[in-house]
Amino acid sequence: MSLCTAGGAMLAVVLAGVAHPQAYATGDDREKLSAEVLRELVPSPDGPGCAAAVGKRGSVAWEAGRGKADLTTGRPITSKTVFDMASNSKQFTADAVLLLAGRHQLALSDPLSEFLDDPPAWTRDVTLGDLMRHTSGITDYQDLLEAKGIELTDPAGQQEAIAAILASQPEDPPGERFSYSNSNYVLLAHVVERVTGKPFPAFLQQEFFTPLHLRMVLSPAVDVPGKAKSYEEKDGSFTPNASPWKQYGDGSVQTTPGEFVRWADNYRTGRIGGPELLTGVTQGAVSVGDVLRPRGIEEGRYGAGILLLPDKSLVHRGDWEGFHSTFKVSPDRSTAVAVACNVDSPDNFRAANRLLDIWAR
């Protein structure tokens, strides 16, 4: 899940610092340089912090953590600390849809209405492809729930979000423009459940996590074993920052950065989904407009739950309450980086860029 409900805001944060990547030496200095990047990202080891990992062709080449996973107990962040990866979870939802499309159980051209019991008229014009690429025009469910008086501190689950979405009207005609909305991916998770007859978390476990031997779980629950507590910083002090909302499809994958860079190798091998999934990840990707130009990038395109940059690298950002993560895969798909923090860290995308620059040469 991500609270970046506007495409411009989301992508501006994602691409901070990308215009002028700094060159680093490689070889024996890589681990030392990587540790320096993490220390700069988390200056004090006594507050909340971050973990980072680099993957090379499916193996973890480097990983480390710095800061505290729990300020009350003093538990440190290590390479084994679990984080909510927030909107970085969207790629699994999109890939689940692509997997089913490859099995001819659905098509991206199918209207959303086919997967609903009592579909509003507007759902006949919204396709699954529109949902996947954020061109549906549907309002973010966070805004819809809050308009009904349901705050982030109030309980709200998947059904409440879907009911609010279906009771609303899209802001724009489908297919007209890119507009980032978490509603799209909550609906896609519902579609997968409808087609397969399985709970969405169980489907991901069966089709992705278990075959790839990934220590991941899709769970919107706050209390996941080994998970960091999330915090909000205000005036130099930290307070816990957690919500009882329990939506999924748009977020809620719980794992470590090391496991995430292991997952990244599927973008190279196509072990799950084969060539069709690899093609589908970027095929039909839509322009996000001129949002990236202030960062020195002329174009960016949103595909299957991930952003494709002009150099062919893949990137996404995740933000949910105090959890913030950045995931990036090199143009040749051989190197991946994941950085996850349990407090707002505006520089974590810049840190990911630096780590990729260290290890991708």
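Every read-out reported here was derived from the displayed coordinates using simple, explicitly stated rules and does not represent laboratory data. Small disclaimer: the values here were computed from a predicted structure and weren't measured. Here the Cβ positions follow ideal geometry from the backbone for every residue, glycine too, while neighbour counts run over all protein chains shown.
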**Message:** With angles folded into 0 to 90 degrees, how steeply does helix 90-102 sit against the dominant principal axis of the chain? Use alpha carbons for both and round to 10.
**Reply:** 50 degrees
**Over region 185-341, relative contact order from alpha-carbon pairs under 8 Å, at least 6 apart, %** = 18 percent
**Request:** Place the peptides 104-111, 244-251 in order of packing, highest mean first, counting for every residue the other Cβ atoms within 10 Å and averaging per peptide.
**Result:** 244-251, 104-111
**Request:** Quote the relative contact order of the chain in percent (integer), defining contacts as alpha-carbon pairs under 8 Å separated by 6+ residues.
**Result:** 29 percent
**Prompt:** Any idea what the dipole of region 94-148 comes to, in debye rounded to 20, about its Cα centre with Lys/Arg Cβ at +1 and Asp/Glu Cβ at -1?
**Reply:** 180 debye
**GluC sites (Glu not before Pro) within region 234-318, DSSP loop, no more than 10 other Cβ atoms inside 10 Å** = Glu298
**Item:** Dipole magnitude of the chain, debye to nearest 20 (Cβ charges: Lys/Arg +1, Asp/Glu -1, about Cα centre)
**Value:** 1320 debye
**Message:** Over 19 Å between Cα atoms: which of Lys90/Lys328; Lys32/Lys68; Lys80/Lys229; Lys56/Lys312; Lys56/Lys229 fall into that group?
**Reply:** Lys32/Lys68; Lys56/Lys229
**Item:** Set of aspartates and glutamates near Lys246 by C-alpha distance (under 20 Å), chain-local residues within fewer than 8 positions excluded
**Value:** Asp84, Asp140, Asp143, Glu146, Glu151, Asp154, Glu160, Glu193, Asp223, Glu232, Asp319, Glu321
**Message:** Could you compute the net charge surrounding Trp62? Neighbours are other residues with a C-beta less than 15 Å from the C-beta of Trp62; K and R count +1, D and E count -1.
**Reply:** +4
**Prompt:** Taking the highest mean first, how do the peptides 73-86, 139-152 order by number of other beta carbon atoms within 10 angstrom per residue?
**Reply:** 73-86, 139-152
